[in-house]
């Protein structure tokens, strides 16, 4: 099992380069690919608060770090909502990049 994890994530002495979008050992998609697809589906209709995305992602089996990594390749943007009077950030939201 350790050998498979090393092949997928490049941990330890066995560091295999894989092209973006490549599948992992035994044809299973990499965790980041699954998270990217999940993010695109979850955010397809509207932007959502980061806390809601992380909570739903955790329920789907993804860590916060995996979601952050998948966010880049999924075309997800971070939006900061500020209070008009003070400019203080009140919440963060994620949304899909506009076409």
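Kindly establish whether residue 26 is at pLDDT below 90, assigned to a helix (DSSP H, G or I) and loosely packed, with under 13 Cβ neighbours inside 10 Å. Quick ask: steps written out before the conclusion?
Details: at pLDDT below 90: yes; assigned to a helix (DSSP H, G or I): yes; loosely packed, with under 13 Cβ neighbours inside 10 Å: yes.
So residue 26 passes the test.
May I ask you to list the residues in the stretch 29-60 that are over 15 Å from residue 76 (Cα atoms) and part of a loop (DSSP other than H, G, I, E, B)?
Matches in the stretch 29-60: 29, 30, 60.
Give the residue that is surrounded by the most Cβ atoms within 10 Å (Cβ to Cβ), with candidates limited to residues of the stretch 53-99 that are within 24 Å of residue 31 (Cα to Cα), free of Cβ contacts under 8 Å to residues at least 24 places away in the same chain and in contact with a strand residue (DSSP E or B) (Cβ under 9 Å, 6 or more places away or on another chain).
Step one: of the stretch 53-99, the residues within 24 Å of residue 31 (Cα to Cα) are 53-78, 93-97.
Subsequent filtering for residues that are free of Cβ contacts under 8 Å to residues at least 24 places away in the same chain retains 54-61, 63-65, 68, 72, 77, 97.
Subsequent filtering for residues that are in contact with a strand residue (DSSP E or B) (Cβ under 9 Å, 6 or more places away or on another chain) retains 56, 77, 97.
On the way: 56: 15, 77: 13, 97: 9.
For the stretch 53-99, the residue satisfying everything is 56.
The values are calculated or read from the model by the stated rules, or taken from the named source; none is laboratory data. What you see is a predicted model; the values in this text were computed from it and never measured. We place every Cβ from the backbone using ideal geometry, glycine too, and count neighbours over all the protein chains shown.
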